[in-house]
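The values are calculated or read from the model by the stated rules, or taken from the named source; none is laboratory data. This is a predicted model, so every value here is computed, not measured. Heads up, the Cβs are rebuilt from the backbone with ideal geometry, glycines too, and the neighbour counts pull from every protein chain shown.
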Amino acid sequence: ELKVEQNPLFLSMQEGKNYTIYCNYSTTSDRLYWYRQDPGKSLESLFVLLSNGAVKQEGRLMASLDTKARLSTLHITAAVHDLSATYFCAVAGKYNNAGNMLTFGGGTRLMVKP
Amino acid sequence: ETGVTQSPTHLIKTRGQQVTLRCSSQSGHNTVSWYQQALGQGPQFIFQYYREEENGRGNFPPRFSGLQFPNYSSELNVNALELDDSALYLCASSLPSGITGELFFGEGSRLTVL
């Protein structure tokens with residue numbers, strides 16, 4: 001059974017600081033996704049990582065995937081308050097011609113303080 | 001291009017009742033998946049529909065059932081509601097996984113069971 005673990009579960013950081021969120025998963029997969037969720041809202045797709053060594057960057061966020069280590073990281077550079085949200089990684093343990101079936105981590109609740 | 005839409009947005013039911021949630025997929029997407037997100041947790045995969053058939057199922061009992069219609073819209077039905085069914089139910093649509101397999105989520109239906 002695929003298990004996905006994120007850490008930390010909660011992160012409080014000052015504006016301008018850097019930090020990394022980690023996502024570990026238990027079985028082989030080369031499809032990993034990062035989502036953002038604001039309180040009471042749905043999931044917004046941030047990054048799609050589809051191969052070993054994949055690196056994607058958007059603004060102050062950068063995501064990477066190491067399929068051999070079964071590890072993805074989401075790095076935050078010079079955090080700003082607008083990044084405050086809960087971040088989820090999700091791994092496609094199964095997929096077929098129809099599409100992915102994702103297993104989500106427990107989420108990292110990020111709070112950026114002025 | 002319209003996104004994924006879900007209805008109703010909020011509803012309250014009592015234990016033992018039945019509920020139907022509805023989802024219209026994003027234009028051109030023929031795969032629909034349903035996820036349950038309990039408060040403070042990551043979404044959990046319920047099932048996926050492709051070409052009007054259930055194509056994959058997570059660890060949910062048979063009282064969770066669904067349908068997909070020829071226009072790719074979908075319903076999630078839950079019978080004999082239990083208190084633990086209180087959650088945000090998210091519908092996601094996608095193109096066949098030959099592309100990125102990325103899921104696009106709706107705003108969700110928040111179910112409260114009393």
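Quick one: which of B:Gly106, B:Gly101 is within 15 Å of B:Pro8 (Cβ to Cβ), within 14 Å of chain A (Cβ to nearest Cβ) and buried (at least 17 other Cβ atoms within 10 Å of the Cβ)? It would help to see each step written out before you state the result.
On the way: B:Gly101 fails: within 15 Å of B:Pro8 (Cβ to Cβ).
That would be B:Gly106, the only listed residue that is within 15 Å of B:Pro8 (Cβ to Cβ), within 14 Å of chain A (Cβ to nearest Cβ) and buried (at least 17 other Cβ atoms within 10 Å of the Cβ).
Regarding B:Ile99, is this residue at pLDDT 95 or above, hydrophobic (A, V, I, L, M, F, W, C) and closer than 15 Å to A:Ala92 by Cα?
no
Per-residue answers, yes or no, for (1) within 14 Å of another protein chain (Cβ to nearest Cβ); (2) touching a residue at least 12 places away in the same chain (Cβ under 8 Å); (3) in contact with a strand residue (DSSP E or B) (Cβ under 7 Å, 6 or more places away or on another chain):
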| residue | (1), (2), (3) |
| --- | --- |
| A:Pro8 | no, yes, yes |
| A:Ile21 | yes, yes, yes |
| A:Gly40 | yes, no, no |
| A:Arg60 | no, yes, yes |
| A:Leu65 | yes, yes, yes |
| A:Arg70 | no, yes, yes |
| A:Tyr87 | yes, yes, yes |
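Please count how many residues of the stretch B:17-39 are modelled with pLDDT of 95 or more, among the hydrophobic types (A, V, I, L, M, F, W, C) and in a strand (DSSP E or B).
Within the stretch B:17-39, residues that are modelled with pLDDT of 95 or more, among the hydrophobic types (A, V, I, L, M, F, W, C) and in a strand (DSSP E or B) number 4.
Which numbered condition in (1) at pLDDT below 95; (2) over 11 Å from the mean Cα position of the chain (by Cα) is the only one that B:Tyr49 fails?
(2)
Do we have B:Gly66 as buried (at least 19 other Cβ atoms within 10 Å of the Cβ) and touching an Asp or Glu at 6+ places or on another chain (Cβ under 8 Å) here?
Yes, satisfied.
All but one of (1) under 26 Å from B:Glu54 (Cα atoms); (2) crowded, with 18+ Cβ neighbours inside 10 Å; (3) polar (S, T, N, Q) hold for A:Thr108; which doesn't?
All conditions are met except number (1).
Within the stretch A:12-37, can you find the residues that are among the hydrophobic types (A, V, I, L, M, F, W, C) and modelled with pLDDT of 95 or more?
Those that are among the hydrophobic types (A, V, I, L, M, F, W, C) and modelled with pLDDT of 95 or more: A:Ile21, A:Cys23, A:Trp34.
When the stretch B:40-57 is examined, which residues are found to be in a loop (DSSP other than H, G, I, E, B) and crowded, with 18+ Cβ neighbours inside 10 Å?
Within the stretch B:40-57, B:Gly42, B:Pro43 meet the criteria.
Considering each of B:Thr14, B:Thr9 in turn, give the residue that is at pLDDT 90 or above, surrounded by fewer than 15 Cβ atoms within 10 Å (Cβ to Cβ) and either acidic (Asp, Glu) or touching a Leu at 6+ places or on another chain (Cβ under 8 Å) (or both). Quick ask: steps written out before the conclusion?
Values: B:Thr9 fails: either acidic (Asp, Glu) or touching a Leu at 6+ places or on another chain (Cβ under 8 Å) (or both).
None of the other options fit; the residue is B:Thr14.
Would you check if A:Ile76 is modelled with pLDDT of 90 or more and within 14 Å of another protein chain (Cβ to nearest Cβ)? It would help to see each step written out before you state the result.
On the way: modelled with pLDDT of 90 or more: yes; within 14 Å of another protein chain (Cβ to nearest Cβ): no.
So A:Ile76 does not fit the description; no.
Going by the conditions given, is B:Pro43 out of contact with any Cys (no Cβ under 6 Å at 6 or more places or on another chain), within 25 Å of A:Val91 (Cβ to Cβ) and either among the basic types (Lys, Arg) or at the interface with chain A (Cβ under 10 Å from one of its Cβ atoms) (or both)?
Here the answer is yes, as B:Pro43 does meet what is asked.
Conditions (1) touching a Ser or Thr at 6+ places or on another chain (Cβ under 6 Å); (2) assigned to a strand (DSSP E or B); (3) facing chain A (nearest Cβ under 7 Å); (4) not aliphatic (A, V, I, L, M), marked per residue:
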{"residue": "B:Glu75", "(1), (2), (3), (4)": "yes, yes, no, yes"}
{"residue": "B:Ala80", "(1), (2), (3), (4)": "no, no, no, no"}
{"residue": "B:Asp84", "(1), (2), (3), (4)": "no, no, no, yes"}
{"residue": "B:Leu88", "(1), (2), (3), (4)": "no, yes, no, no"}
